[in-house]
Amino acid sequence: MSTEHFVCGTCGAEHDGPPLSFAAPAPDFWRPEMAGQDGCLLDADLCVIAGEQFFVRGLIELPVWDTGDVFTYSMWVSLSRPNFTRAVDIWEQEGRETEPPYFGWLSNAIAGYDPTTLNLKTNVHTRPVGEPPYIELEPTGHPLAVEQRAGIMMAQVEQIAAFHLHRTDEFAP
(Lines give C-alpha, C1' and ligand atoms only; values in the text may rest on other atoms or scores of the structure.)
Protein backbone atom coordinates (compact mmCIF):
# COMPACT_ATOMS: atom_id res chain seq x y z
CA MET A 1 0.00 0.00 0.00
CA SER A 2 1.33 3.41 -0.91
CA THR A 3 1.32 6.04 1.80
CA GLU A 4 1.67 8.89 -0.71
CA HIS A 5 -2.12 8.98 -1.27
CA PHE A 6 -5.12 7.44 0.37
CA VAL A 7 -8.81 7.16 -0.42
CA CYS A 8 -10.71 9.13 2.19
CA GLY A 9 -13.30 7.18 4.12
CA THR A 10 -15.30 10.38 4.64
CA CYS A 11 -15.56 11.89 1.15
CA GLY A 12 -14.29 9.08 -1.08
CA ALA A 13 -11.71 11.35 -2.73
CA GLU A 14 -8.01 10.61 -2.98
CA HIS A 15 -5.93 12.82 -0.67
CA ASP A 16 -2.20 13.27 -0.27
CA GLY A 17 -0.85 11.43 2.72
CA PRO A 18 -2.27 10.42 5.03
CA PRO A 19 -0.72 13.06 7.24
CA LEU A 20 1.29 11.59 10.10
CA SER A 21 0.71 14.57 12.39
CA PHE A 22 -2.07 16.83 13.57
CA ALA A 23 -1.41 19.92 15.69
CA ALA A 24 -3.57 22.01 17.98
CA PRO A 25 -2.75 25.72 17.56
CA ALA A 26 -3.28 26.45 21.27
CA PRO A 27 -4.51 24.89 24.50
CA ASP A 28 -8.31 24.60 24.57
CA PHE A 29 -8.38 27.22 27.33
CA TRP A 30 -6.85 29.92 25.08
CA ARG A 31 -9.15 32.45 23.42
CA PRO A 32 -8.06 34.71 20.51
CA GLU A 33 -9.06 37.83 22.44
CA MET A 34 -6.33 36.99 25.01
CA ALA A 35 -3.61 37.87 22.49
CA GLY A 36 -1.89 41.06 23.58
CA GLN A 37 -3.46 41.12 27.05
CA ASP A 38 -1.19 41.56 30.09
CA GLY A 39 0.04 38.22 31.39
CA CYS A 40 -0.97 36.36 28.22
CA LEU A 41 1.39 34.78 25.69
CA LEU A 42 0.98 32.27 22.90
CA ASP A 43 3.88 31.29 20.68
CA ALA A 44 4.80 28.08 18.87
CA ASP A 45 5.97 26.30 22.05
CA LEU A 46 4.72 28.13 25.14
CA CYS A 47 1.48 29.61 26.40
CA VAL A 48 0.58 31.64 29.48
CA ILE A 49 -2.95 32.70 30.35
CA ALA A 50 -3.45 35.64 32.72
CA GLY A 51 -0.08 34.94 34.35
CA GLU A 52 -1.74 31.99 36.13
CA GLN A 53 -1.98 29.07 33.69
CA PHE A 54 1.13 27.69 31.99
CA PHE A 55 1.39 25.37 29.00
CA VAL A 56 4.02 23.76 26.77
CA ARG A 57 3.52 22.10 23.40
CA GLY A 58 4.73 18.56 23.00
CA LEU A 59 4.19 15.41 20.96
CA ILE A 60 2.01 12.42 21.71
CA GLU A 61 3.60 9.71 19.58
CA LEU A 62 1.81 6.59 18.36
CA PRO A 63 3.94 3.91 16.67
CA VAL A 64 2.53 2.75 13.31
CA TRP A 65 3.43 -0.93 13.31
CA ASP A 66 2.93 -1.91 9.69
CA THR A 67 5.02 0.94 8.25
CA GLY A 68 7.53 1.76 10.98
CA ASP A 69 6.29 5.38 11.00
CA VAL A 70 5.25 7.40 14.01
CA PHE A 71 1.94 9.25 14.06
CA THR A 72 1.95 12.35 16.28
CA TYR A 73 -0.51 14.67 17.89
CA SER A 74 1.20 17.98 18.64
CA MET A 75 -0.75 19.07 21.72
CA TRP A 76 -0.53 21.28 24.78
CA VAL A 77 0.02 20.28 28.40
CA SER A 78 -0.51 22.45 31.45
CA LEU A 79 2.36 22.62 33.92
CA SER A 80 2.65 24.01 37.41
CA ARG A 81 4.29 27.42 37.69
CA PRO A 82 7.55 25.93 39.12
CA ASN A 83 7.78 23.28 36.38
CA PHE A 84 6.97 25.81 33.63
CA THR A 85 9.57 28.23 35.02
CA ARG A 86 12.16 25.44 35.10
CA ALA A 87 11.31 24.33 31.55
CA VAL A 88 11.68 27.91 30.26
CA ASP A 89 14.92 28.43 32.20
CA ILE A 90 16.56 25.45 30.46
CA TRP A 91 14.76 25.76 27.10
CA GLU A 92 17.98 26.50 25.16
CA GLN A 93 20.38 24.65 27.49
CA GLU A 94 22.39 21.73 26.15
CA GLY A 95 21.77 18.58 28.18
CA ARG A 96 18.24 19.61 29.13
CA GLU A 97 17.03 16.12 28.21
CA THR A 98 18.44 14.85 31.51
CA GLU A 99 15.68 16.72 33.39
CA PRO A 100 13.18 14.51 35.17
CA PRO A 101 9.74 14.57 33.52
CA TYR A 102 7.23 17.23 34.53
CA PHE A 103 3.71 16.22 35.56
CA GLY A 104 0.98 17.90 33.55
CA TRP A 105 -2.58 17.73 32.28
CA LEU A 106 -3.34 17.29 28.57
CA SER A 107 -5.00 20.57 27.58
CA ASN A 108 -6.66 19.64 24.29
CA ALA A 109 -9.78 17.60 23.64
CA ILE A 110 -8.87 15.58 20.56
CA ALA A 111 -12.07 14.98 18.60
CA GLY A 112 -12.89 11.35 17.95
CA TYR A 113 -11.90 10.07 21.39
CA ASP A 114 -14.47 9.03 23.97
CA PRO A 115 -14.06 9.76 26.77
CA THR A 116 -12.44 13.15 26.18
CA THR A 117 -8.67 13.54 26.14
CA LEU A 118 -8.93 16.88 27.96
CA ASN A 119 -7.21 16.70 31.35
CA LEU A 120 -5.62 13.28 30.91
CA LYS A 121 -2.64 12.93 33.26
CA THR A 122 0.75 13.16 31.55
CA ASN A 123 4.47 13.26 32.09
CA VAL A 124 6.31 15.72 29.85
CA HIS A 125 9.79 14.53 28.91
CA THR A 126 12.24 17.21 27.80
CA ARG A 127 14.32 16.32 24.74
CA PRO A 128 17.49 17.83 23.30
CA VAL A 129 17.41 21.50 22.29
CA GLY A 130 15.38 21.98 19.13
CA GLU A 131 13.15 18.93 19.72
CA PRO A 132 9.67 19.28 21.17
CA PRO A 133 8.96 17.51 24.46
CA TYR A 134 7.52 14.00 24.45
CA ILE A 135 4.11 13.71 26.12
CA GLU A 136 3.71 10.39 27.91
CA LEU A 137 0.11 9.68 28.85
CA GLU A 138 -0.64 7.97 32.15
CA PRO A 139 -0.92 4.25 31.31
CA THR A 140 -4.69 3.89 31.68
CA GLY A 141 -7.39 2.22 29.61
CA HIS A 142 -8.18 5.49 27.80
CA PRO A 143 -8.14 4.74 24.03
CA LEU A 144 -5.41 7.32 23.32
CA ALA A 145 -3.22 5.99 26.14
CA VAL A 146 -3.71 2.44 24.82
CA GLU A 147 -2.76 3.56 21.29
CA GLN A 148 0.37 5.24 22.62
CA ARG A 149 1.47 2.05 24.37
CA ALA A 150 0.25 -0.56 21.85
CA GLY A 151 0.60 1.35 18.59
CA ILE A 152 -1.74 1.55 15.62
CA MET A 153 -1.85 0.36 12.01
CA MET A 154 -1.74 2.56 8.88
CA ALA A 155 -5.43 1.82 8.25
CA GLN A 156 -6.20 3.54 11.54
CA VAL A 157 -3.98 6.50 10.59
CA GLU A 158 -6.08 6.80 7.42
CA GLN A 159 -9.28 6.76 9.50
CA ILE A 160 -7.88 9.44 11.82
CA ALA A 161 -6.83 11.55 8.82
CA ALA A 162 -10.20 11.19 7.09
CA PHE A 163 -11.96 12.28 10.27
CA HIS A 164 -9.75 15.29 11.02
CA LEU A 165 -9.24 16.52 7.44
CA HIS A 166 -12.95 17.25 7.12
CA ARG A 167 -13.36 19.14 10.39
CA THR A 168 -13.22 22.92 10.10
CA ASP A 169 -13.26 23.58 13.83
CA GLU A 170 -9.95 22.09 14.89
CA PHE A 171 -6.28 21.59 14.27
CA ALA A 172 -4.45 21.09 11.01
CA PRO A 173 -1.99 18.51 9.70
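The values are calculated or read from the model by the stated rules, or taken from the named source; none is laboratory data. No experiment lies behind these values; they were computed from the predicted model shown. Methodologically, a virtual Cβ is constructed for each residue, glycine included, from the backbone with ideal geometry; neighbour enumeration extends over all protein chains shown. What goes into the accessible areas is simple: the full protein's heavy atoms, side chains included, and nothing from ligands, DNA or RNA. Shrake-Rupley method; radii C 1.70, N 1.55, O 1.52, S 1.80 Å.
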_Mean accessible surface per residue for the chain, computed with a 1.4 Å probe while every protein chain stays in place, in Å²_ = 51 Å²
*Taking the DSSP beta bridges in region 20-168 as the whole, what percent of them are antiparallel, to the nearest 5?*
85 percent
*Return, ordered by residue number, the residues of region 138-155 whose backbone nitrogen is under 20 Å from a label point located 7 Å along Cα→Cβ of Val70.*
138-140, 144-155
*Do the sum for the chain: with -39,500 (n - 2.57) for every DSSP H run of n ≥ 4, divided by all residues, what is the mean residue ellipticity at 222 nm, to the nearest 500 deg cm²/dmol?*
-5000 deg cm²/dmol
*With an 8 Å cut-off on Cα pairs and a minimum separation of 6 or more residues, tell me the relative contact order of the chain in percent.*
23 percent
*region 78-173, dipole about Cα centre (Lys/Arg Cβ +1, Asp/Glu Cβ -1), debye to the nearest 20*: 200 debye
*In degrees, nearest 10, range 0 to 90: what is the angle between the Cα axis of helix 154-165 and the longest Cα principal axis of the chain?*
70 degrees
*Quick one: dipole size for the chain, taken about the Cα centre, charges +1 on Lys/Arg Cβ and -1 on Asp/Glu Cβ, in debye to the nearest 20.*
420 debye
*Could you pull the accessible area for His125 with a 1.4 Å probe, rounded to 10 Å²?*
60 Å²
*Roughly how many nanometres apart are two label points built 7 Å out from the Cα toward the Cβ at Asp114 and Glu131?*
3.7 nm
*At a 1.4 Å probe, what is the % contribution of carbon and sulfur to the accessible area of the chain?*
53 percent
